[in-house]
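The values are calculated or read from the model by the stated rules, or taken from the named source; none is laboratory data. What you see is a predicted model, and the numbers here were worked out from it, not measured in a lab. Cβ placement follows ideal geometry from the backbone for every residue including glycine, while neighbour counts extend to all protein chains displayed.
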Amino acid sequence: MSWRSEHIWIELIVGSRKISNFCWAFILFLGSLGFVLVGTSSYLGKNLISLVPSQEINFFPQGIVMSFYGIAGLFISSYLWCTISWNVGSGYDRFDRKEGLVCIFRWGFPGKNRRIFIRFRIKDIQSIRIEVKEGIYARRILYIEVKGRGAIPLTRSDENLTPREIEQKAAELAYFLRVPIEVF
């Protein structure tokens with residue numbers, strides 16, 4: 001989502017609060033909980049889940065392995081839920097031609113450096129760069145090349161933009177900032 005005027009362009013960045021992340025975290029939680037319940041059922045000798053009779057699963061080695069995988073899955077699920085609740089990766093890109101400034105803001109993980117804020121002048125921008133890697137895992141990333149800072153990514157690596165969309169976005173931004181485009 002973006003907002004534009006004659007002198008300001010603000011691009012809002014979606015972080016980890018995507019529908020796919022919610023689905024994966026929920027599926028992983030339910031699956032892990034099932035594994036823990038089956039492992040616990042085999043240890044207690046009682047049917048905590050009616051689908052799997054506890055007498056058919058021995059605690060050693062199947063119950064231990066299922067409990068281990070269940071606990072590991074619960075840790076991974078809790079990590080996903082934490083990144084969703086903290087909304088890691090969200091933020092905005094603000095390009096202001098009137099003041100001549102670019103501000104890039106992202107939320108990170110909690111701690112001393114949770115807020116990632118980069119500010120530089122538009123005149124320090126060398127180019128807008130498109131990096132294209134084709135193949136099984138095709139990826140197209142848009143970078144902004146800044147003097148003294150190198151390339152700063154503007155799009156996520158998992159953002160599946162078509163070649164036309166990434167070219168259009170790069171062309172609009174380059175036109176707005178009045179800088180050249182490079183393709184790698």
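Could you tell me how many of the residues in region 11-44 are out of contact with any Leu (no Cβ under 7 Å at 6 or more places or on another chain) and over 24 Å from ILE84 (Cβ atoms)? Number satisfying all stated conditions: 5. Across region 59-77, a minimum of one residue is classified as under 17 Å from the mean Cα position of the chain (by Cα), buried (at least 18 other Cβ atoms within 10 Å of the Cβ) and under 30 Å from PRO110 (Cα atoms). Take the residues in region 110-159 that are among the β-branched types (Val, Ile, Thr) and either outside any strand (DSSP E or B) or exposed (fewer than 14 other Cβ atoms within 10 Å of the Cβ) (or both), then tell me which one is farthest from the chain's Cα centre (by Cα). Checked region 110-159; the qualifying residue farthest from the chain's Cα centre (by Cα) is ILE122.
Taken together, ILE122, ILE141, ILE116 contain a single residue that is farther than 27 Å from TRP86 by Cβ and not assigned by TED's automatic domain parsing to the domain that holds CYS82, which is ILE122. LEU12 falls short on exactly one of the conditions (1) touching a Gly at 6+ places or on another chain (Cβ under 7 Å); (2) assigned to a strand (DSSP E or B); (3) not acidic (Asp, Glu), and that condition is (1). Apart from one condition, GLY70 fits all of (1) at pLDDT 95 or above; (2) out of contact with any Phe, Trp or Tyr (no Cβ under 7 Å at 6 or more places or on another chain); the exception is (2). In region 56-63, is there at least one residue being in a loop (DSSP other than H, G, I, E, B), at pLDDT below 85, touching a helix residue (DSSP H, G or I) at 6+ places or on another chain (Cβ under 6 Å) and closer than 26 Å to CYS23 by Cβ? Checking region 56-63: not a single residue is in a loop (DSSP other than H, G, I, E, B), at pLDDT below 85, touching a helix residue (DSSP H, G or I) at 6+ places or on another chain (Cβ under 6 Å) and closer than 26 Å to CYS23 by Cβ. Here is the figure for region 24-55: residues that are over 30 Å from PRO110 (Cβ atoms), polar (S, T, N, Q) and assigned to a helix (DSSP H, G or I) total 5. Among the conditions (1) closer than 30 Å to GLU182 by Cα; (2) touching a Gly at 6+ places or on another chain (Cβ under 6 Å); (3) surrounded by fewer than 15 Cβ atoms within 10 Å (Cβ to Cβ), the only one that SER90 does not satisfy is (3).
When SER32, SER54, SER50 are checked against the criterion of being of a type in the set (Ser, Thr, Tyr), in contact (Cβ under 8 Å) with a residue 40 or more places away in the chain and more than 28 Å from LEU173 (Cα to Cα), SER32 stands alone in meeting it.
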